[in-house]
Amino acid sequence: PPDATSTSRWSWTDFMPYYEALAGRKVTADTAGEFLSDWSRMSELVDETYTRLHVATTVDTANKEAEEGFHHFLDQVYPHAEEFEHKLKQTLLEARVEPAGFATPLKRIRVDAELFRKENIPLFVEEQKLCKEYDKVIGAQTVRWEGKELTIAQLSTALQSTDRAIREGAWRTAFERQMQDCRAVNDLWARFVPLRVQIASNAGFGDFRSFRWNQLHRFDYDPDDCKRFHEAIEAAVVPAASRIYQLRRRTLGLDALRPWDLDVDILGRLPLEPFKGVHEFLAATSAIFRGVDPVLGSYFDTMVQEGLLDLENRKNKAPGGYCTEFAATRRPFIFMNAVGIHDDVRSLLHEAGHAFHRFERASLPYYEQRRVGMEFAEVASMAMELLAAPFLEKERGGF
């Protein structure tokens, strides 16, 4: 197959011959390695095509061409690819072989095969399109503030002001704008719920949570474990949080805390301004990573050089942040909405932890081995925040 950067406009007839060739193979202990290697290449190619089209819709939610390209893939390629991926998983399972280092991927593949229902494919397509609708709604939200058009995220700097009137004005301005889209968001939710209930029902589950639990390969804990964890948080963390809020209220000299009092420095110090502009942001973050470990620093510098970061907040950009992967080229990509506050620094450290994890597992031979569950992925990102903490100070190269 060709390079993944050239397949964004492919139709299914372009992908099909490669999948048909794989589906016609007989898998034995002797041929399993070659089968997995060739299958991995196809899975990577389709995965990266999807990811690049998806990323294009998040960096600019108003880009009609990007939306059309993503929908073309979802409608014309994704359903057929999912069917063939299922066939190939069945082929491997029926062969009853287990290549070295493949025990956990095989466990996930077995669950995927059990969950698969052809009638759910168009429902998954609809689900992804609804997610894009949400991104468009949130990405378009702007307000007038001090004579300028700002995004909701850009108002976060005003929420750190030492002037309470400014903080309240910023909060109310953001809230009023968000409430204008309340009906649109509610309508989306009302469409999501029956769709997901139907997906679960088609797969033989009584509720979506049970289906989703298996879909996310949560083998090591169950919903009852989560309930016990929630109860522990209620017993131990909520009282501690209440004490912290009361300390904040007393230190600020307030009768009651309001939503606009939660981000200001309680000692009255001016808000942190760790960087001005993306260039300064990247330079200091690179220095931090080089301080932690030269290899991590080189990974980050590679991402900068290859344009694998989109960090600054702007109008019509999807909300939040993420780190994804271009599977075929074995490169991560970081998406953020930075506005120049301390939380941006933490967010980039966090997402870079995901990125470094992807660099480290890129050498694993098979696609399924490089898929990592959400829970363990967060070990890498949260650990990166902690490992980088000693290097945040400007004297050590940071901010």
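The values are calculated or read from the model by the stated rules, or taken from the named source; none is laboratory data. This one's a predicted model, so the numbers in the text were calculated from it and none came from an experiment. Every residue, glycine among them, receives a Cβ derived from its backbone with ideal geometry; neighbour counts consider all protein chains shown. Protein only, heavy atoms only, side chains kept; ligands, DNA and RNA dropped before computing areas. Shrake-Rupley method; radii C 1.70, N 1.55, O 1.52, S 1.80 Å.
Got at least one residue in region 166-184 being under 17 Å from Ala62 (Cα atoms) and touching a helix residue (DSSP H, G or I) at 6+ places or on another chain (Cβ under 8 Å)?
Restricting attention to region 166-184, the residues satisfying the condition of being under 17 Å from Ala62 (Cα atoms) are 181, 184.
If we keep only those that are touching a helix residue (DSSP H, G or I) at 6+ places or on another chain (Cβ under 8 Å) too, we end up with 181, 184.
Checking region 166-184: at least one residue is under 17 Å from Ala62 (Cα atoms) and touching a helix residue (DSSP H, G or I) at 6+ places or on another chain (Cβ under 8 Å).
Considering Phe359, Phe376, which residue is surrounded by fewer than 18 Cβ atoms within 10 Å (Cβ to Cβ), among the aromatic types (Phe, Trp, Tyr) and out of contact with any Lys or Arg (no Cβ under 7 Å at 6 or more places or on another chain)? Don't jump to the end; show me each part of the working.
On the way: Phe359 fails: surrounded by fewer than 18 Cβ atoms within 10 Å (Cβ to Cβ).
None of the others qualify; the one that does is Phe376.
Can you find a residue in region 8-16 that is surrounded by fewer than 13 Cβ atoms within 10 Å (Cβ to Cβ), touching a residue at least 40 places away in the same chain (Cβ under 8 Å), under 17 Å from Phe326 (Cα atoms) and out of contact with any Leu (no Cβ under 7 Å at 6 or more places or on another chain)?
Within region 8-16 (the criterion being surrounded by fewer than 13 Cβ atoms within 10 Å (Cβ to Cβ), touching a residue at least 40 places away in the same chain (Cβ under 8 Å), under 17 Å from Phe326 (Cα atoms) and out of contact with any Leu (no Cβ under 7 Å at 6 or more places or on another chain)), the answer is yes, since at least one residue qualifies.
Every residue in region 27-70 that is over 19 Å from Tyr322 (Cα atoms), in a helix (DSSP H, G or I) and open to solvent by 50 Å² or more (accessible area, probe 1.4 Å), please.
Within region 27-70, Glu34, Ser37, Asp38, Arg41, Lys64, Glu65, Glu68 qualify.
Restricting attention to region 124-141, does a residue exist that is open to solvent by less than 30 Å² (accessible area, probe 1.4 Å), free of Cβ contacts under 8 Å to residues at least 24 places away in the same chain and at negative phi?
For region 124-141, residues open to solvent by less than 30 Å² (accessible area, probe 1.4 Å), free of Cβ contacts under 8 Å to residues at least 24 places away in the same chain and at negative phi: absent.
Suppose the filter is over 27 Å from the mean Cα position of the chain (by Cα) and loosely packed, with under 11 Cβ neighbours inside 10 Å; does Ala170 pass it?
Numbers: over 27 Å from the mean Cα position of the chain (by Cα): yes; loosely packed, with under 11 Cβ neighbours inside 10 Å: no.
For Ala170, the condition - over 27 Å from the mean Cα position of the chain (by Cα) and loosely packed, with under 11 Cβ neighbours inside 10 Å - is not met.
Here's the yes/no breakdown for (1) hydrophobic (A, V, I, L, M, F, W, C); (2) in contact (Cβ under 8 Å) with a residue 12 or more places away in the chain; (3) in a helix (DSSP H, G or I):
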residue	(1), (2), (3)
Arg314	no, yes, no
Glu368	no, yes, yes
Val379	yes, no, yes
Met382	yes, yes, yes
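Only one of Phe326, Phe391, Phe335 is closer than 29 Å to Leu270 by Cβ, of a type in the set (Phe, Trp, Tyr) and buried (at least 18 other Cβ atoms within 10 Å of the Cβ); which?
Details: Phe326 fails: closer than 29 Å to Leu270 by Cβ; Phe335 fails: closer than 29 Å to Leu270 by Cβ.
Exactly one residue qualifies, and that residue is Phe391.
Consider Gly353 against the criteria (1) closer than 27 Å to Arg218 by Cβ; (2) out of contact with any helix residue (DSSP H, G or I) (no Cβ under 6 Å at 6 or more places or on another chain): it satisfies all of them except one. Which criterion is unmet?
Evaluating Gly353 over (1) closer than 27 Å to Arg218 by Cβ; (2) out of contact with any helix residue (DSSP H, G or I) (no Cβ under 6 Å at 6 or more places or on another chain) leaves (2) as the failure.
Could you tell me whether region 86-104 includes any residue that is without any contact (Cβ under 8 Å) to a residue 60 or more places away in the chain, open to solvent by less than 70 Å² (accessible area, probe 1.4 Å) and farther than 19 Å from Gln369 by Cα?
no
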